[in-house]
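The values are calculated or read from the model by the stated rules, or taken from the named source; none is laboratory data. Computed from a predicted structure; not experimentally measured. Methodologically, a virtual Cβ is constructed for each residue, glycine included, from the backbone with ideal geometry; neighbour enumeration extends over all protein chains shown.
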Amino acid sequence: MNSSDTVLVIGACGQIGSELTLALRQIYKNVIATDLKEPEGELKESGQFERLDVLNRNQLAELIQKNNVTQVYHLAAILSATGEKNPELAWRVNMKGLRNVLDVASEVGIKKLFWPSTIAVFGPTTPMKNTPQWTVMEPNTIYGISKQAGERWCDYYWQKKNLDVRSVRYPGLISYKTPGGGGTTDYAIDIYFEAKKKGKYTSFLAAETRLPMMYMPDAIRGTIELMEAPIEKIKVRSSYNISSMSFNPREVAESIIKVIPGFEISYVPDFRQKIAESWPESIDDSVARKDWGWKHNFDLDAMTKDMLEHVPSGVAVH
Ligand code: NAD
Ligand code: AKB
C-alpha cells in the first residue's frame, strides 16, 4: 500500500461506492468520488467529488490525467433487474463503460484497477450448488452477459497490456447505509427496513429461493484486501468467486423473528423470480481463500443482529 496514491472511484454514490469510498478515505489521502448523481451526507463532506459519466471517454481521461490518478475502482453499472427493463442501457453502461476505463487506464499507465463482477455471470446450466471458480457459464440476463464479457475483457487487458486488473464476483450485498441499486437480491435489504418499520414484509422472491449473499463490511474489507495483496498472489484475472453465506427469504425471516418475534413474511414473486432461479445457490470460493487469503466474518444471524441494530425504526423502505 502507498497511501500517497490518488484513487478514483467511479459510481461512488451507489450501494457499494458510498461505503467503499469512505473506507478508502481512511487509507488514502486523495480519493476522488465520481458519479452521475450528487453525493450526500458524509460522502459529500469527506472529500473531492466530480460529476463523471463513464461513457464520456475524454472526460474520464482528462480527470485521470489532471489528478494523477494511480488506482481506479470502477463500480458504475446497471444491475440485473433494472437491466432487464432496459437492456440497451445496461449493455452500454456495463460494456462501453468498462472498455473506456480499461483503455484509459492502460494508456495512462495507472497502477491498479478494481472492477466487480457478480454471481450473475452464471446461468441455468451452471452447477447450482457450490459453484466452482471455473465451470459452465451461460448467463441469461443482459447484466450477466455484460459481466461475463467484462471478465473476459479484464483478463485480456492483463494478458495483452499488463494492466493490473483485479476482480471478485460479489454475491447479493446487504447494507443499511445505502439502498440497493436495482438488483434481484435487493429483497434481502428491503426486508430489514420493513421489519423495523412495519413488522412485516412481502417478498418478491419465493420462500425457498436460495441465493449467495454477503454483508457489506465483509465485501468492503475483502475488496480492499484483494487490492492490497502482492501482485504475485493474484492468479485469476477474470474474477474470483467469493462467498460468505447462502439463504432464502424464509430463512432470513426466521433470523429476523429471533430478534423481532412478531415479524411476518408473505411471498408475491415477480419477474425477478426467474432471474434468481438462473443463479447459483451457493459458491465455492476456495481459490480466493488460497490465493490471497479471502475470508468472511458474518453469517446470517450475525448480520441480522447488526442490521436490526443499525436500520432506523420508522424509516421508509427504499
Ligand atoms: P448501484 O446501482 O447502487 O450504484 C451504481 C452507481 O453507478 C450509481 O450511483 C449510478 O448513479 C452510477 N452510474 C450509473 N451509470 C453511470 C455512468 N454512466 N457514469 C457514472 N456513474 C454511473 O450499484 P452497486 O450495488 O453499488 O454496484 C456496484 C458494482 O458492484 C456494479 O458493477 C455491480 O454490478 C457490482 N455488484 C453489486 C452487487 C450488489 O449486490 N450490490 C453484487 C454483485 C456485483
Ligand atoms: C443483482 O441482484 O443484480 C446484484 C448482483 C448479485 O449482481 N445484487
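In table form, for the structure just shown:
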item: Search result, residues across the range 252-271 that are of a type in the set (D, E, K, R) and over 23 Å from the mean Cα position of the chain (by Cα); result: E254, K258, E264
item: Members of the range 25-64 found to be farther than 23 Å from N94 by Cα and assigned to a helix (DSSP H, G or I), listed by number; result: R25, Q26, I27, G41, E42, L43, K44, E45
item: L89 in contact (Cβ under 8 Å) with a residue 60 or more places away in the chain, within 16 Å of ligand 2 (Cβ to nearest atom) and of a type in the set (A, V, I, L, M, F, W, C); result: no
item: Criterion violated by L226 - all others in (1) assigned to a helix (DSSP H, G or I); (2) touching a residue at least 12 places away in the same chain (Cβ under 8 Å); (3) out of contact with any Lys or Arg (no Cβ under 8 Å at 6 or more places or on another chain); (4) in the same structural domain as I27 (by TED's automatic domain parsing) satisfied; result: (3)
item: Qualifying residue in the range 149-161 (condition: in contact (Cβ under 8 Å) with a residue 12 or more places away in the chain, more than 9 Å from ligand 2 (Cβ to nearest atom), crowded, with 17+ Cβ neighbours inside 10 Å and over 21 Å from V121 (Cα atoms)); result: no
item: Selection from the range 194-223 of residues that are in a helix (DSSP H, G or I) and of a type in the set (D, E, K, R); result: E194, K196, K197, D218, R221
item: Residues satisfying the stated conditions in the range 84-110, i.e. part of a loop (DSSP other than H, G, I, E, B) and surrounded by fewer than 17 Cβ atoms within 10 Å (Cβ to Cβ); result: N86, G109
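Residues are listed down the side, and each one gets a yes or a no for (1) in contact with a helix residue (DSSP H, G or I) (Cβ under 9 Å, 6 or more places away or on another chain); (2) modelled with pLDDT of 95 or more; (3) not aromatic (F, W, Y):
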site: K112; (1), (2), (3): yes, yes, yes
site: N130; (1), (2), (3): no, yes, yes
site: T141; (1), (2), (3): yes, yes, yes
site: G150; (1), (2), (3): yes, yes, yes
site: Q159; (1), (2), (3): no, yes, yes
site: S167; (1), (2), (3): yes, yes, yes
site: T178; (1), (2), (3): yes, no, yes
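Rundown of residues vs (1) touching an Asp or Glu at 6+ places or on another chain (Cβ under 7 Å); (2) within 16 Å of ligand 1 (Cβ to nearest atom); (3) hydrophobic (A, V, I, L, M, F, W, C); (4) at pLDDT 95 or above, yes/no style:
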| residue | (1), (2), (3), (4) |
| --- | --- |
| R237 | yes, no, no, yes |
| F247 | no, yes, yes, yes |
| E254 | no, no, no, yes |
| R272 | no, yes, no, yes |
| S278 | no, yes, no, yes |
| R289 | no, no, no, yes |
| F298 | yes, yes, yes, yes |
| T304 | no, no, no, yes |
